[in-house]
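Only the coordinates and a few stated rules stand behind these numbers; no lab work does. None of the values given here were measured: they were computed from a predicted structure. Cβ placement follows ideal geometry from the backbone for every residue including glycine, while neighbour counts extend to all protein chains displayed.
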Amino acid sequence: MHALGAFEQDNQIKYVLTSLGFPTSEWKKHIRQFSGGEQTRICLAALLLMSYDLLILDEPTNHLDIAMTRWLERFLWTNPRPYMVVSHDRVFLDNTVSSIYYIRDKSLQVVKGNYSSFYEADKIARMTQERQFERQQKFIAETEAFIQKNIAGQKTAMAKSRIKMLARMDIVQKPHQTRDVKLRIDGVERSGNDVFILKDLSFGIGEQRVLAERVNISAFWQDRIALIGPNGCGKSTLLKILRDEHEILAGSLKIGASLRIAYFDQHQSNLDEGLSVMDTLWSLVPNEPKGTS
């Protein structure tokens, strides 16, 4: 029983659940009482604890905070069983994988190493392919010009030989060119220099659960600010306060003059599911010309 790890199961369950943000006080709750993101983490915990020969993870870090993502990296890397990961998180891939399977132009490439080594190797391979393509296209153009000039002349045999040579040639494909998105965002009139001023501000979920106390922050025009922290620490609540949608417990909040806020809601609760994509966009700018498709 010891060899099979039977007496480690309880410890392993506690280790995985607490690492993914579920304290023992929540273990008796029904699944329906958790949010969608929390349910995804519960599913991940169940998969990590089950017996498997191959683990396939599709975007496993989507609902994990930074600390949970680092924990998952360590868990996978020290796990003796094989796994396959689909992810857009380049740092996560660098820390967890030893081979990259890459699908492009209807073909699958396999490269040993992590994402960074693949990226560098792929960049060199694409440059090499681009040069080979250009040289071959130049050679083909010169050969076709020779054939056209001599097919009916004294060098007919040579021209026919080169026709056969072109027919047998392995054509180098032009590397696929990724296009950068060019998005122009026109701003309205600029706000004042002061965007937000928080002075001795305290907030929470009701008075029973205080999330932060005596917060003093000044945010100014053209500041770029990242709001980070573990799940449940109050990031979304603070954003609601800045939008004047949540009561504060103490202190004060000053919102800058002429400030218009565009808010990307993680739950997308402001979308009307009865509208199409285009109807949703045109509802924002009903007087703009729609153009033609």
With a cut-off of at most 16 other beta carbons within 10 Å, and DSSP calling the residue loop, which chymotrypsin sites (Phe, Trp or Tyr not before Pro) in region 214-293 qualify? Please list them. Trp221, Tyr263, Phe264
Measure nothing but the geometry: give the 0 to 90° angle between the long axis through the Cα atoms of 66-77 and the longest principal axis through the Cα atoms of the chain, rounded to 10°. 60 degrees
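If contacts are Cα pairs under 8 angstrom and at least 6 residues apart, what is the relative contact order of the chain in percent?
That works out to 11 percent.
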Please work out which option in (1) 19.5, 63; (2) 29.4, 98; (3) 19.0, 57 gives Rg and Dmax of the Cα atoms in Å calculated from these coordinates, and answer with its label. (2)
Can you list the residues, at least 5 places off or on another chain, whose amide H is less than 5 Å from the amide H of Leu55, using H built in the peptide plane? Tyr83, Met84
Charges at C-beta only: +1 for Lys and Arg, -1 for Asp and Glu. How large is the resulting dipole of the chain about its Cα centre, in Debye rounded to 20? 1660 debye
Can you tell me the orientation of helix 9-19 relative to the chain, as the angle in degrees between its alpha-carbon axis and the longest Cα principal axis, to the nearest 10? 90 degrees
Please give every one of the lysines within straight-line cross-link reach of Lys254, meaning a C-alpha to C-alpha distance under 16 Å, and leave out same-chain neighbours fewer than 8 residues apart. Lys199, Lys240
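Output needed for region 103-215: three equivalent-ellipsoid semi-axes, defined as square roots of 5 times the C-alpha gyration tensor eigenvalues, in descending order, whole Å. List each step's numbers first, then the result.
Working: eigenvalues 846, 90, 23 Å².
After scaling each eigenvalue by five and taking roots: 65, 21, 11 Å.
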For region 199-253, state which trypsin sites (Lys or Arg not before Pro) are in a DSSP loop and have at most 12 other beta carbons lying within 10 Å of their beta carbon. Arg224, Arg243
Dipole axis of region 194-282 (+1 Lys, Arg; -1 Asp, Glu on Cβ), positive-most option in Gln268, Gly234, Ile217: Ile217
Inter-part gap, Cα centre of region 100-154 to Cα centre of region 57-80, in whole angstrom, is 37 Å
Report, in deg cm²/dmol and to the nearest 500, the calculated mean residue ellipticity at 222 nm for the chain, where each DSSP H run with n ≥ 4 adds -39500 (n - 2.57) and the sum is divided by the residue count. -11500 deg cm²/dmol
Length-normalised contact order of region 194-282 in % [C-alpha pairs under 8 Å, at least 6 apart]: 34 percent
Per residue of region 20-32, in order, report the coupling 6.51 cos²θ - 1.76 cosθ + 1.60 (Karplus, θ = phi - 60°) as ³J(HN,Hα) in whole Hz, putting x for Gly and Pro. 9, x, 10, x, 4, 5, 9, 5, 8, 6, 6, 4, 5
For region 268-281, take each phi angle, set θ = phi - 60°, evaluate the Karplus expression 6.51 cos²θ - 1.76 cosθ + 1.60, and give the result in whole Hz per residue in order, putting x for glycine and proline. 6, 6, 8, 8, 8, 5, x, 9, 7, 4, 5, 4, 4, 5
Going 7 Å from the Cα of Asp105 in the Cα-to-Cβ direction, what parts of region 155-191 have a backbone nitrogen less than 16 Å from that spot? 170-179
Are there chymotrypsin sites (Phe, Trp or Tyr not before Pro) in region 82-157 that DSSP marks as loop and that have at most 11 other Cβ atoms within 10 Å, and which are they? none
DSSP loop GluC sites (Glu not before Pro) with at most 11 other Cβ within 10 Å excluded, longest remaining stretch of the chain: 1-188
